[in-house]
């Protein structure tokens, strides 16, 4: 998988693209190592949800996604790479009537 195929949300200002794409790449590499908690993602970038969205769009081509797989008592969520088919994310999108 080549990360240079990852495209950011079109609303991202051009001057922010490089920084935000670096954040997306860092998040992806953290996820490749294993599950990542919200507090770690915030340390990478405060708008981590937007980066996760962009990574999910890119991963869908490969039949993969990022799933929320847990929550701790402090309210941090655990995210990890998963097969798109049968994932919680795919179920959520289906319920919302969105195609992947």
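The values are calculated or read from the model by the stated rules, or taken from the named source; none is laboratory data. Just so it is clear, the model here is predicted, and its values are computed rather than measured. Here the Cβ positions follow ideal geometry from the backbone for every residue, glycine too, while neighbour counts run over all protein chains shown.
Of the residues making up the range 33-45, those that are surrounded by 11 or more Cβ atoms within 10 Å (Cβ to Cβ) and either outside any loop (DSSP other than H, G, I, E, B) or without any contact (Cβ under 8 Å) to a residue 24 or more places away in the chain (or both) are 36, 37, 38, 39, 40, 41, 42, 43, 44.
A quick yes/no check of all residues on (1) over 16 Å from residue 66 (Cα atoms); (2) modelled with pLDDT of 90 or more:
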| site | (1), (2) |
| --- | --- |
| 10 | yes, no |
| 13 | yes, no |
| 24 | no, no |
| 28 | no, yes |
| 32 | no, yes |
| 43 | yes, yes |
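Confirm whether residue 54 is surrounded by 12 or more Cβ atoms within 10 Å (Cβ to Cβ), touching a helix residue (DSSP H, G or I) at 6+ places or on another chain (Cβ under 8 Å) and part of a strand (DSSP E or B). Spelling it out, it is not the case that residue 54 is surrounded by 12 or more Cβ atoms within 10 Å (Cβ to Cβ), touching a helix residue (DSSP H, G or I) at 6+ places or on another chain (Cβ under 8 Å) and part of a strand (DSSP E or B). Taking each residue of the range 49-77 that is at negative phi and touching a residue at least 40 places away in the same chain (Cβ under 8 Å) and looking for partners that are part of a helix (DSSP H, G or I) and surrounded by 15 or more Cβ atoms within 10 Å (Cβ to Cβ) with beta-carbon atoms closer than 6 Å, six or more apart or interchain, yields 54/24; 55/24; 55/28; 77/38.
Residue count for the range 69-88 under the criterion of being touching a strand residue (DSSP E or B) at 6+ places or on another chain (Cβ under 8 Å) and more than 17 Å from residue 32 (Cβ to Cβ): the result is 6. Residues that are outside any helix (DSSP H, G or I) and either at pLDDT 95 or above or surrounded by fewer than 16 Cβ atoms within 10 Å (Cβ to Cβ) (or both) were ranked within the range 83-100; the one that is farthest from the chain's Cα centre (by Cα) is 97.
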